[in-house]
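For reference, the structure is listed below as structure tokens.
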Amino acid sequence: MKDTPEKPFKGRLEDRRFLTGKGRYVADITLARQCYMGQVLSTHAHARILSVDTSEAETMPGVIAVLTGADCAADGLGTVPPFFMPSLWGGPEGYATQRKILVDDRVRCVGERIAIVIAETADDARVAAETIMVDYAPLPVVTDARAATEADAPKLWDDNENGNISVSIPMGDKAATEAAFADAEVTIKRRLLSPRIAPFSLEPRVSVGNYDEADDRYTLYTSSQDPHGVRSNIARNVLKIAESRLRVVSPDVGGGFGLKAHMHPEDALVLWASKHVGRPVKWLGTRSECMLTDTQGRGQEIEVEIAATKAGKLTAIRAEAWTNLGAYFWGTATPPLFFAMQLIPNIYDVGAVDLTNHAVFTNLPPMSVYRGAGRPEATYLAERMMDELAAELGMDQAEIRKINAIAPDAMPYTTATGMTYDSGAFADMIDAAARVSDWSGYDARAEESRAKGRVRGRSLISYVEVAGVMNERMEIKFEPDGTVTIVAGTHSHGQGHATVFSEMVADWLSVPVENIRYVQGDTDKVLIGRGTFAARSSMLGGTALLRAKDALIERAKLMAAILLEADKDSLDFADGMFKVRDSNKAIALTEVAKMYYIPAGPANALGLGLTGEGTSAGKPGAAPNYPNGTMVCEVEVDPRTGALTVDRLAALDDVGRILNSTICEGQIHGGIAQGMGQALMEEMVFDEDGQLTSGSLMDYCLPRAEHMPDIASELSEVTCTTNPLGVKGIGESGAIGAPVAIVNAVLDAVRPLGVAHIDMPVTQAKLWSALRDAEAAQ
Amino acid sequence: MSEITLRINGKQRRVTVEGRTLLVDLIRDQMNLTGTHVGCDTSQCGACVVKLDGDTVKSCTVLTATLPEGTEITTIEGVSTGDLHPMQEAFSKCHGLQCGFCTPGLVVTAIDIVERSPDGLSASQVRKALKGNLCRCTGYQNIVASVLEGARAMGVQVTEEKETV
Ligand code: FES
Ligand code: FES
């Protein structure tokens, strides 16, 4: 729903608890008799472990137990494979690693968990952990993905027959691409980098494990986007128990961004430790610990070449990428490997493509998803190259994009990478974005900048997102008193599901929204669900919810027919009432619902309770949706100092049918801020020994309020045809478009000064050096 | 170990602390006021901001034992009793929060910003004044809007209605 003066946004149902300090985050959970876990992390990026001496720690104050990899092995704990490998998405087989939750033989990156200390307080645990002596025999280190593919590079996994490459994913048509290049009037080549960055949810990771001997069952409280996924992984792979013997609860989660879309070793460690010590065990990740041990996003180097006509029409793209997996193929690393290639065509008819993505092991901490998950890399390539082509041919940025954009009447359109777009009005979006951003007023602003001794640059970029992966389940239940409970398989950690899904159900059933309770994030309450990531919940959660509503209404009809003494097929449901067609007999749904709970009487025959369940499916298997949009950015650069301001940023997003415009725009703003961080300031920096040198907020820079421009955001509704609600995802769009929107604007500003290329993050120092180099060259 | 009397959210509390006990740990672990959050270990995120004798402080930087007797501390739980404070209302109305983790620190900071600006407040002033608070979800846009909305509700004039786009 769009906000209107008649129906303004009034806040979210979940806001009050957050605003009053009553949020329920995992760090806030205190169980009776709980103790704390501290960790010993590897200080070498590659080394054999010769010995682990825990003797001093065992005698330290407050220490209850010290556990090492040897204890893991003695207890028969299993190792953790990737959540899934590219072969499940139609890619080739690759080398899948098995990760130990405590490493006892060989560390392959800094931050590997080697031992844990369980103690009375968090401080006791940490202090004791520091006394544990690990004796290492260092091994040669490789941190760069491309270097790791060299024949003489140190090898991470001895039995990997493919050196350090886990898998190489090819896409496209080699012969057609070669033919297009042979005929090309213009070709342009570039090497582009998307460095590793930190998802950095503001809430650090945290887990509490509790083993209950009475029913031989474990409970894990963890800050996760996908509690059922964590449950499967730990139960099956680590503890080797039936999944029903593990309960995973993720109450309020302080931001996820992909970091929390999969389990982390600590999730399993607190459970195992709890069984060992017979008490609940809590692990509170400190920020420095999390910087070192969190999964990271991006980490790609790509060589790209495009072919085009002199009129600016693309005819082919070929590219070879090296993605830095780090030491393990971990978590959900598969989707970014695909999306980084599949979305390269973007909104364009690009002709032929020949693409390969090598997933390479190095001695860095593991890569996994981070908001955008490969899509920002693909969009960065497509839009950087589009601007290079425009610059080469002296064409306007908007014009060259419209020449190449896929026309609406070509829908459904299958790209050279096999994505089938169902809908999209791409050229219209470009025109509309130009209007929203006052494209035509640019010259005057550029003149103003010049007068101040600055240079102004601008960009106009488009992006496509692919949203709606995997499958989902939702449940709607009437309580005996006529109130409603939604049991969601998705997991909201900022996205406002409690509000949006409740409003949808309130609307469908004509039940007041205050009478709806929203439940999520507990595997004992939610039968099954996939959680929230990859902008999946609006389509998959929404569709499953709609089907749950339909199922509920179908069942309610049976009772309504009895109560109205009418034929079930003569009933219509509207405005919360069942009405007998062509008569004035009617009954309210809530009254019908209550009858499902009376203990005796003729209605009993229908059995107890009124619920409806619905499921839905997306990619792969069923069709996803393709949100898309256009961003316009203007920057101002001081050529003397390299100081850079993002002055204006406008985003026009096609989100399909709008469920809640304020929440959509909130998602867009947040994504743009993260994209700006990626473009200008964020980078996980490792030295050649694989040591992290950006391990705290002292060295890792995040966008703050004063860095951000006021974003002009507008939504456009091009109804999606692949789901009954007509919705498209929104969670990642801002993070996909913003990096290249900003970098292109910077290049537009400094190209006339001789700077033809710059890599992210475009820090002031980097820009200053590039400007000085250009000056020297002239 | 030392004993100290503090006034926390208007209530007198006698507490026993170690020399190394940070104020944030006292608030969270001993007082069980878990609205004050910990987002970093270098005093840079602002998730732990509370009011201390009229000033806002990052409670992760304060050693409790060094506080004067009778120090007055207000956490997010003490910002209002019963109805929401106008600033809390404003954050909700302007969608100035998503995951909510940064929110307590931001609300406490925002009230302070407004109270220190009786002569009026602009969007760019708000952005500067928020330099100690990180939010990873909202992109700050709706936080800035919330602070200005809250300022209006608190009777402070907003001098620059719309930021220059
Ligand atoms: S926890 Fe105090 S500033 Fe981050
Ligand atoms: S709302 Fe999540 S960090 Fe601010």
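Anything in region B:1-35 that is in contact with a Leu (Cβ under 9 Å, 6 or more places away or on another chain), β-branched (Val, Ile, Thr), within 16 Å of ligand 1 (Cβ to nearest atom) and open to solvent by less than 10 Å² (accessible area, probe 1.4 Å)? List them, or say none.
B:ILE27, the sole residue that qualifies.
Taking into account only those residues within region B:121-143 that are touching a residue at least 40 places away in the same chain (Cβ under 8 Å) and away from ligand 2 (no atom under 12 Å from the Cβ), which is least open to solvent (accessible area, probe 1.4 Å)?
Among those that are touching a residue at least 40 places away in the same chain (Cβ under 8 Å) and away from ligand 2 (no atom under 12 Å from the Cβ), it is B:ALA123.
What are the residues in region A:207-231 that are without any contact (Cβ under 8 Å) to a residue 40 or more places away in the chain and either open to solvent by less than 10 Å² (accessible area, probe 1.4 Å) or acidic (Asp, Glu) (or both), if any?
If the condition is that a residue be without any contact (Cβ under 8 Å) to a residue 40 or more places away in the chain and either open to solvent by less than 10 Å² (accessible area, probe 1.4 Å) or acidic (Asp, Glu) (or both), then A:ASP212, A:ASP215, A:ASP216, A:VAL230 are the ones that fit.
Has region B:77-99 got any residue that is within 16 Å of ligand 1 (Cβ to nearest atom) and within 12 Å of the chain's Cα centre (by Cα)?
no
Any residue that is more than 25 Å from the chain's Cα centre (by Cα), open to solvent by 20 Å² or more (accessible area, probe 1.4 Å) and closer than 21 Å to A:GLY629 by Cα - is there at least one of those in region A:454-465?
Yes, the conditions are met somewhere in region A:454-465.
Take region A:676-716 and flag every residue that is more than 13 Å from chain B (Cβ to nearest Cβ) and within 16 Å of A:ARG287 (Cβ to Cβ).
Listed by number, the residues that qualify are A:MET684, A:LEU692, A:THR693.
Which residue is farthest from A:PRO61 (Cα to Cα), if the candidates are limited to region A:128-146 and must be open to solvent by 40 Å² or more (accessible area, probe 1.4 Å) and in contact with a Ser or Thr (Cβ under 9 Å, 6 or more places away or on another chain)?
Here the answer is A:ASP144.
Scan region A:172-179 and tell me whether some residue there is away from ligand 1 (no atom under 16 Å from the Cβ) and out of contact with any strand residue (DSSP E or B) (no Cβ under 8 Å at 6 or more places or on another chain).
Checked region A:172-179: at least one residue is away from ligand 1 (no atom under 16 Å from the Cβ) and out of contact with any strand residue (DSSP E or B) (no Cβ under 8 Å at 6 or more places or on another chain).
For region A:646-658, give me the residue count where each residue is surrounded by fewer than 24 Cβ atoms within 10 Å (Cβ to Cβ) and either more than 12 Å from chain B (Cβ to nearest Cβ) or touching a Leu at 6+ places or on another chain (Cβ under 8 Å) (or both).
Residues that pass the stated criteria total 3.
Read through the list (1) within 15 Å of ligand 1 (Cβ to nearest atom); (2) touching a residue at least 40 places away in the same chain (Cβ under 8 Å); (3) open to solvent by less than 30 Å² (accessible area, probe 1.4 Å); (4) at the interface with another protein chain (Cβ under 9 Å from one of its Cβ atoms), then give the number of the only condition that B:GLN44 fails.
Against the list (1) within 15 Å of ligand 1 (Cβ to nearest atom); (2) touching a residue at least 40 places away in the same chain (Cβ under 8 Å); (3) open to solvent by less than 30 Å² (accessible area, probe 1.4 Å); (4) at the interface with another protein chain (Cβ under 9 Å from one of its Cβ atoms), B:GLN44 comes up short only on (3).
Can you tell me which residue among A:GLY531, A:GLY542 is within 28 Å of A:TYR218 (Cβ to Cβ) and in contact (Cβ under 8 Å) with a residue 12 or more places away in the chain?
Going through A:GLY531, A:GLY542 in turn, just one is within 28 Å of A:TYR218 (Cβ to Cβ) and in contact (Cβ under 8 Å) with a residue 12 or more places away in the chain: A:GLY531.
Among A:THR315, A:THR332, A:THR356, which is at pLDDT below 95 and surrounded by fewer than 24 Cβ atoms within 10 Å (Cβ to Cβ)? Walk me through how you get there before you give the answer.
Values: A:THR315 fails: at pLDDT below 95; A:THR356 fails: at pLDDT below 95.
Residue meeting the stated conditions: A:THR332.
So which residues in region A:99-113 are out of contact with any helix residue (DSSP H, G or I) (no Cβ under 7 Å at 6 or more places or on another chain) and assigned to a strand (DSSP E or B), if there are any at all?
Narrowing region A:99-113 to residues out of contact with any helix residue (DSSP H, G or I) (no Cβ under 7 Å at 6 or more places or on another chain): A:99, A:105-109, A:112.
The answer is A:ARG99, A:ARG106, A:VAL107.
Inspect all residues belonging to region A:268-279 and state whether any of them is within 16 Å of ligand 2 (Cβ to nearest atom), in a loop (DSSP other than H, G, I, E, B) and in contact with a strand residue (DSSP E or B) (Cβ under 7 Å, 6 or more places away or on another chain).
No, that holds for no residue.
A:ILE234 is checked against (1) open to solvent by less than 30 Å² (accessible area, probe 1.4 Å); (2) within 16 Å of ligand 2 (Cβ to nearest atom) and fails just one. What number does that condition carry?
(2)
Any idea which residue in region B:105-122 is farthest from the chain's Cα centre (by Cα), counting only those that are within 30 Å of A:THR532 (Cβ to Cβ) and among the small types (Gly, Ala, Ser)?
Selected residue: B:ALA110.
In region A:639-664, what residues are among the basic types (Lys, Arg) and either on the phi > 0 side of the Ramachandran plot or touching an Asp or Glu at 6+ places or on another chain (Cβ under 7 Å) (or both)?
Answer for region A:639-664, where residues must be among the basic types (Lys, Arg) and either on the phi > 0 side of the Ramachandran plot or touching an Asp or Glu at 6+ places or on another chain (Cβ under 7 Å) (or both): A:ARG648, A:ARG657.
In region B:47-56, is there at least one residue being part of a loop (DSSP other than H, G, I, E, B), open to solvent by less than 20 Å² (accessible area, probe 1.4 Å), closer than 29 Å to A:LEU292 by Cβ and within 16 Å of ligand 2 (Cβ to nearest atom)? Break it down stepwise before answering.
Initially, region B:47-56 is screened for residues part of a loop (DSSP other than H, G, I, E, B), giving B:47-48, B:53-54.
Right, trim to open to solvent by less than 20 Å² (accessible area, probe 1.4 Å) and you get B:47-48.
Right, trim to closer than 29 Å to A:LEU292 by Cβ and you get B:47-48.
From the residues that got through so far, the ones that are within 16 Å of ligand 2 (Cβ to nearest atom) too are B:47-48.
Yes, region B:47-56 contains a residue that is part of a loop (DSSP other than H, G, I, E, B), open to solvent by less than 20 Å² (accessible area, probe 1.4 Å), closer than 29 Å to A:LEU292 by Cβ and within 16 Å of ligand 2 (Cβ to nearest atom).
Of everything in region A:4-23, what is buried (at least 16 other Cβ atoms within 10 Å of the Cβ) and more than 8 Å from chain B (Cβ to nearest Cβ)? Give them in sequence order.
The first filter runs over region A:4-23 and keeps only residues buried (at least 16 other Cβ atoms within 10 Å of the Cβ), leaving A:9, A:11-15, A:18-23.
If the condition is that a residue be buried (at least 16 other Cβ atoms within 10 Å of the Cβ) and more than 8 Å from chain B (Cβ to nearest Cβ), then A:LEU13 is the only one that fits.
Going by the structure shown, is A:LYS579 more than 24 Å from A:SER224 (Cβ to Cβ), in a strand (DSSP E or B) and not assigned by TED's automatic domain parsing to the domain that holds A:PHE338? Lay out the reasoning, then the answer.
Numbers: more than 24 Å from A:SER224 (Cβ to Cβ): yes; in a strand (DSSP E or B): yes; not assigned by TED's automatic domain parsing to the domain that holds A:PHE338: yes.
Yes, satisfied.
Taking the conditions exactly as written (farther than 25 Å from A:LEU343 by Cβ and assigned to a strand (DSSP E or B)), does A:GLU613 satisfy them or not? Spell out how you get there, then give the answer.
On the way: farther than 25 Å from A:LEU343 by Cβ: yes; assigned to a strand (DSSP E or B): yes.
Yes: the conditions hold for A:GLU613.
Against the condition crowded, with 21+ Cβ neighbours inside 10 Å, facing another protein chain (nearest Cβ under 8 Å) and within 17 Å of the chain's Cα centre (by Cα), how does B:CYS102 come out, does it pass?
The answer is yes for B:CYS102.
Please go through region B:100-152 and give me each residue that is in contact with a strand residue (DSSP E or B) (Cβ under 6 Å, 6 or more places away or on another chain) and within 16 Å of ligand 1 (Cβ to nearest atom), ordered by number.
B:GLY105, B:VAL108, B:THR109, B:ASP112
Could you tell me which residue of region A:599-641 is least open to solvent (accessible area, probe 1.4 Å), considering only residues that are over 30 Å from A:ALA741 (Cα atoms) and among the hydroxyl-bearing types (Ser, Thr, Tyr)?
For region A:599-641, the residue satisfying everything is A:SER616.
Test A:TYR596 against the stated conditions and say whether it is farther than 30 Å from A:ALA745 by Cα and of a type in the set (Phe, Trp, Tyr).
Yes; evaluated as a whole, the condition is true for this residue.
Which numbered condition trips up A:THR630, out of (1) closer than 23 Å to B:LEU97 by Cβ; (2) at pLDDT 95 or above?
The single condition A:THR630 does not satisfy is (1).
Scan A:GLU475, A:GLU479, A:GLU448 and give me the residue that is open to solvent by 10 Å² or more (accessible area, probe 1.4 Å), within 14 Å of chain B (Cβ to nearest Cβ) and either hydrophobic (A, V, I, L, M, F, W, C) or more than 23 Å from A:CYS664 (Cβ to Cβ) (or both).
A:GLU448
Given the condition more than 7 Å from chain A (Cβ to nearest Cβ), on the phi > 0 side of the Ramachandran plot and open to solvent by 10 Å² or more (accessible area, probe 1.4 Å), answer yes or no: does some residue in region B:105-120 qualify?
Yes - at least one qualifying residue is present in region B:105-120.
The values are calculated or read from the model by the stated rules, or taken from the named source; none is laboratory data. In this text, all values refer to a predicted model and were calculated from it rather than measured experimentally. All Cβ positions, glycine included, derive from the backbone under ideal geometry; neighbour counts span all protein chains shown. These area figures cover heavy atoms from the full protein model, side chains too; ligands, DNA and RNA do not enter into them. Shrake-Rupley method; radii C 1.70, N 1.55, O 1.52, S 1.80 Å.
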